[in-house]
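Presented below is the structure to which this report refers.
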Amino acid sequence: MCADGTPLTPASSPVVVLQGSNRDMGRQYATQVLEIYGSFIFSWHASRAFSESEHHEISRWESELATHVPEVLSFAAGVAEGARRAGIPFSDEHAVAMFTGTRSPAAEARPFALAQSSSQEDSLVAAYLGFDEKVAMRETPSPCSGAMAWGTASGDGSLVGASSTDHDCTFQATIVAFPERGNSFVYTPYSANGSIPILGHFFLGGHPGLNSQGLAYVHHNGSTMGEPQDQWGYGVRRGPTVMHILQYCDTAREALDFMLTLPVGDSGISQGTAGGMFADADYGFSLEARAGAPAATRPILREHTRDRTGRSHSFLYGTNNALAPESGHLNAAPKQGKGYEYSLEGGWYTFDPQVINAGTPGESIKRRITKNSEGRNRFFHKHLTNHSGQLDLETFTALYRTSGAIPEGDFDAVCERYHRGEQWDCAPGHRSNAFVVSFRAARGELPVYRACIGPLNRAVNSRDPGHGYYYFDETNAFWELTLTSSPDGLLDPAWTVAEERLCRARAAAHAVPGDFAGREQFISWLEDADRHLRQAELAKAEALQDQGDVRLACLARALRHTHWAQVRAAQVLDALEPPATLADLDSPSGSPHRSTQQ
């Protein structure tokens, strides 16, 4: 979708469906992403002329991929092939750089990930992070969050969870992959070409991911820097690490074992190396640091959450600070004077503006992030503890539908109070949510992955008196995908969900009085859903007549249309039968409505 030739962020996250060798899947990925977005998604990357030093750095990082995750290089070669077939002069080196970047490992704390070049980064950091006094926005948006429960904490012993990526949503595509070797999986990178405007290059990183064995990557958890600086260096970025784990690991313990074999890597940037939160129905962990990896690894690991009584719960949550008691040195902790404070629920943080603003921009952003993480951690701890033993998809969905609060009053005055260190109740659901997913994986059942562009609830506040993001045609509604055993099986369960939602939505919309102000909008959404289902049928018929890459592209197109129908129906249902917030679940009578998207 475009406005005067300018591409718009999609209101429903598009999916691509891949199958075969890793090279095959890379080629299909490029082909289908180009079908969705057009050539601009890769053209900037393809136009880059690498310097001699950049050639050297790409080669150096490539050697790490070849050693530890060689299938990612095959995928990258396929991406380059698919782009070239579409007429884009995309070399294998351009594609590898999407997974590696072109710069040497950080020697100090860097803001977020990396810009494409040092000159870009220097010009953008001050404006985005508020170090220039002329810039009004002086706080960073609340970066991502996630939570998961398994075993005794979930209602039935399954793995359930949810997470959000928090930034200005860009042009992403959810990968549904069926490799010829390893597990099938679903995974959503932050963007289709690996980069987020302003925030930088994230090397095809993203979250969450879920594979056919019921193993989930939930959240990156923290900004790292947990290893001694003299151990930082080359390794494997988070995106390639996660893609390897989803394809080749069956359990969370296997994922942990694999990450402990990797070098410490580029710890000075966000998600520059391995780590994060993983779980299956039996075990979960958050890997906060890997000092000494791989020869003498001394990991900092969380495997449960304790409450104030000392009771241990099989759930974990994370935002962007460190939560393990031994992690006080992470995230550019001040070395002199007042450092980070610690609480059981909130982890390591500072609200002190003098501490936050001391040091380099890279150090300051990591301290700032601890500030806007602490309150969301408290929110998770409170509500997950309250529902421990009964945590299910409805609870995790409600976590992201429930808003925090900003005090009433003059905006400038409220800003000033916040900048001085005042805190108030906040929530993981807020106006900087770019993408929200909830998921479930149970023994003997196919995994389910539900995705929404933007917040789940249009009415949630911004996290703090900064800015939030608002999207054209914002839907605030999930589509649902069941990870079947083959690409051919994806359409039937998605179609069933669409038809069930539409049946209920039509009945609900037609029961609304004719003079109701929103009735015309409801009918328009339902008509759009019907159009998408007709398009899905046409794409499915095309798939039956084709083979190979063309067949997969048709299946993916049919699935995208079916998801659109699901989302439009959900918009009607959510307007007329609002899904539960945590206040509903916590009330004595329970939720007034089961979620329309369950």
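The values are calculated or read from the model by the stated rules, or taken from the named source; none is laboratory data. Everything numeric in this text was worked out from a predicted model, so none of it was measured. Don't worry about glycine lacking a Cβ; one is built from the backbone with ideal geometry, like all the others, and counts go over all protein chains shown.
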Checking Cys452, Cys503 in turn, the sole residue that is at pLDDT 95 or above and either assigned to a strand (DSSP E or B) or not assigned by TED's automatic domain parsing to the domain that holds Pro579 (or both) turns out to be Cys452
Residues of the range 458-482 being surrounded by fewer than 24 Cβ atoms within 10 Å (Cβ to Cβ), more than 20 Å from Thr170 (Cβ to Cβ) and touching a residue at least 60 places away in the same chain (Cβ under 8 Å), which ones?
Pro465, Glu480
Being surrounded by fewer than 22 Cβ atoms within 10 Å (Cβ to Cβ) and either of a type in the set (Ser, Thr, Tyr) or not assigned by TED's automatic domain parsing to the domain that holds Gly429 (or both), is that true of even one residue in the range 352-360?
yes
If you go through the range 292-302, how many residues are more than 14 Å from Asp257 (Cα to Cα) and free of Cβ contacts under 8 Å to residues at least 24 places away in the same chain?
1
Those residues of the range 325-342 that are surrounded by fewer than 19 Cβ atoms within 10 Å (Cβ to Cβ), in contact (Cβ under 8 Å) with a residue 24 or more places away in the chain and in contact with a strand residue (DSSP E or B) (Cβ under 8 Å, 6 or more places away or on another chain) come to a total of 1
Would you please name the residue that is surrounded by the most Cβ atoms within 10 Å (Cβ to Cβ), looking only at residues in the range 398-434 that are in a helix (DSSP H, G or I) and among the aromatic types (Phe, Trp, Tyr)?
Tyr400
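Residue-wise test of (1) assigned to a loop (DSSP other than H, G, I, E, B); (2) modelled with pLDDT of 95 or more; (3) charged (D, E, K, R).
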residue: Arg23; (1), (2), (3): no, yes, yes
residue: Arg27; (1), (2), (3): no, yes, yes
residue: Val33; (1), (2), (3): no, yes, no
residue: Trp44; (1), (2), (3): no, no, no
residue: Ala49; (1), (2), (3): yes, no, no
I need a count of the residues in the range 466-500 that are under 30 Å from Val414 (Cα atoms) and either touching a His at 6+ places or on another chain (Cβ under 9 Å) or assigned by TED's automatic domain parsing to the domain that holds Pro578 (or both).
2
Quick check on Gly275: is it surrounded by fewer than 23 Cβ atoms within 10 Å (Cβ to Cβ) and on the phi > 0 side of the Ramachandran plot?
no
So how many residues does the range 431-444 have that are more than 17 Å from Thr395 (Cα to Cα) and touching a residue at least 24 places away in the same chain (Cβ under 8 Å)?
6
When the range 435-450 is checked residue by residue, the ones that are surrounded by 24 or more Cβ atoms within 10 Å (Cβ to Cβ) and among the aliphatic types (A, V, I, L, M) are Val436, Val437, Ala441
So Thr319 ticks every box in (1) surrounded by 21 or more Cβ atoms within 10 Å (Cβ to Cβ); (2) of a type in the set (Val, Ile, Thr); (3) out of contact with any helix residue (DSSP H, G or I) (no Cβ under 8 Å at 6 or more places or on another chain); (4) under 29 Å from Gly155 (Cβ atoms) but one. Which box is left unticked?
(3)
Specify which of the listed residues (Ala279, Ala255, Ala274) is within 30 Å of Gly20 (Cβ to Cβ), hydrophobic (A, V, I, L, M, F, W, C), modelled with pLDDT of 95 or more and touching a Ser or Thr at 6+ places or on another chain (Cβ under 6 Å).
Ala274
Residue that is nearest to Arg450 (Cα to Cα) [pool: residues in the range 228-238 that are buried (at least 24 other Cβ atoms within 10 Å of the Cβ) and either among the charged types (D, E, K, R) or in contact with a Phe, Trp or Tyr (Cβ under 8 Å, 6 or more places away or on another chain) (or both)]
Arg238
Among strands (runs of 3 or more DSSP E) entirely within the range 158-266, at least 1 residues that are hydroxyl-bearing (Ser, Thr, Tyr) and touching a residue at least 12 places away in the same chain (Cβ under 8 Å) occur in 174-179, 185-189, 216-219
So, in the range 376-397, how many residues would count as being under 23 Å from Phe351 (Cα atoms), surrounded by fewer than 23 Cβ atoms within 10 Å (Cβ to Cβ) and either among the β-branched types (Val, Ile, Thr) or touching a Cys at 6+ places or on another chain (Cβ under 7 Å) (or both)?
0
Output the residue which, of all residues in the range 228-258 that are within 21 Å of the chain's Cα centre (by Cα) and of a type in the set (Lys, Arg), is nearest to Ala279 (Cα to Cα).
Arg238
For the range 494-505, enumerate the residues that are in contact (Cβ under 8 Å) with a residue 40 or more places away in the chain and more than 23 Å from the chain's Cα centre (by Cα).
Trp495, Val497, Ala498, Arg501, Leu502, Arg504, Ala505
Considering only the range 164-178, state which residues are in contact with a Cys (Cβ under 7 Å, 6 or more places away or on another chain) and of a type in the set (Ser, Thr, Tyr).
Ser164, Thr165
